[in-house]
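Peer 1: Below is the structure I would like to discuss, written out as structure tokens.
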Amino acid sequence: RLLARESCLKLEENLMTSLQARRYRWLEAQTWLERSSCLLLSGQNDLAQVAVGRALPIAKAASFSRLYLRAVGFGAATATRRGDFVLSWNQSRNGLSFSEANPKAGSALVFYSDLAFVSSLQERNHVALAMSAEAAGAAADLGERLAETNERFRLASLAAIVGSYGLAKDQFAQAEALSRGVGASTATAVPRVAAETEMARGELESGAPEK
């Protein structure tokens, strides 16, 4: 695995040199993003953030709207990995603003989902709940059943954490129904168990779960 990561980085370096010489801007930005992924795999999170930072201005200046939105998503995810929640939040907000202004560039789903994740890490559970609800709605609009299933399981978890047991049960039921049509039990196992755990904990602590 280590050799694969090193080979990945070496290939990226060679390709980058060639692209910069020939000024293939789209491929150069894309290669910076791929390099970021390689660096994340090798645990070099700070350098991965630098690589994303190189891709962003290239994609924006050349008006590669889809690639720019992807780069913003990479930036948010990389910042989260580094524990820089302020940067992650700001990147996701930028992504939301850009996707709303440029709907053909891509969906806001990934950014709402990232904001929900970061907010939950910070224990800002009501904010996380609101962001997860937006993500679930965006997934439903796109017909992304697996993404919607996992978001509704997360909604159930967050609703239980904030004491909204009725909402938790409703979202869990919706997620269960969706999961039967997805046919990917391994992909939904972790969020399902997390939801079940939080709902059970909430009911035990309250002694009188919300109907």
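Peer 1: Just wondering, is there one or more residues in region 53-73 that are open to solvent by 40 Å² or more (accessible area, probe 1.4 Å), over 17 Å from Glu28 (Cβ atoms), assigned to a helix (DSSP H, G or I) and in contact (Cβ under 8 Å) with a residue 12 or more places away in the chain?
Peer 2: no
Peer 1: Now for a different question. Which is on the phi > 0 side of the Ramachandran plot and at pLDDT 90 or above, of Gly95, Gly83, Gly75, Gly43?
Peer 2: Criteria check complete, one pass: Gly83.
Peer 1: Shifting gears a bit: Would you be able to tell me the number of residues in region 93-137 that are in a helix (DSSP H, G or I) and under 29 Å from Ser185 (Cβ atoms)?
Peer 2: Qualifying residue count, region 93-137: 24.
Peer 1: Report, by residue number, each residue of region 29-52 that is under 25 Å from Glu100 (Cβ atoms) and either in a loop (DSSP other than H, G, I, E, B) or of a type in the set (A, V, I, L, M) (or both).
Peer 2: Ala29, Leu33, Val52
Peer 1: Further, regarding this structure: Identify the residue in region 98-120 that is over 25 Å from Ala159 (Cα atoms) and hydrophobic (A, V, I, L, M, F, W, C) and, among all such residues, is modelled with the lowest pLDDT.
Peer 2: That would be Ala105.
Peer 1: From Ser157, Ser132, Ser119, which residue is in contact with a Leu (Cβ under 7 Å, 6 or more places away or on another chain) and open to solvent by less than 40 Å² (accessible area, probe 1.4 Å)?
Peer 2: After ruling out the rest, the residue left standing is Ser132.
Peer 1: Would you be able to say whether some residue in region 138-151 is farther than 26 Å from Ala79 by Cα, outside any helix (DSSP H, G or I) and in contact with an Asp or Glu (Cβ under 7 Å, 6 or more places away or on another chain)?
Peer 2: Checking region 138-151: not a single residue is farther than 26 Å from Ala79 by Cα, outside any helix (DSSP H, G or I) and in contact with an Asp or Glu (Cβ under 7 Å, 6 or more places away or on another chain).
Peer 1: Here is a follow-up. So, in region 160-172, exactly how many residues are assigned to a helix (DSSP H, G or I) and open to solvent by less than 40 Å² (accessible area, probe 1.4 Å)?
Peer 2: Going through region 160-172 one residue at a time, the tally reaches 6.
Peer 1: Another question, if that's okay. Is it fair to say Asn102 is surrounded by fewer than 15 Cβ atoms within 10 Å (Cβ to Cβ) and in contact with a helix residue (DSSP H, G or I) (Cβ under 7 Å, 6 or more places away or on another chain)?
Peer 2: Taking the combined requirement at face value, the residue satisfies it.
Peer 1: Suppose we keep only residues that are under 19 Å from Val127 (Cβ atoms) and modelled with pLDDT of 90 or more within region 173-210. Which one would you say is least open to solvent (accessible area, probe 1.4 Å)?
Peer 2: Step by step, filter region 173-210, then rank; the result is Ala195.
The values are calculated or read from the model by the stated rules, or taken from the named source; none is laboratory data. Every value quoted in this text rests on a predicted model; they were computed, and no experiment measured them. When we count neighbours, we look across all protein chains shown, and the Cβ atoms used for this are built from the backbone with ideal geometry, even at glycine. Surface areas here come from the heavy atoms of the whole protein model, side chains and all, with no ligands, DNA or RNA. Shrake-Rupley method; radii C 1.70, N 1.55, O 1.52, S 1.80 Å.
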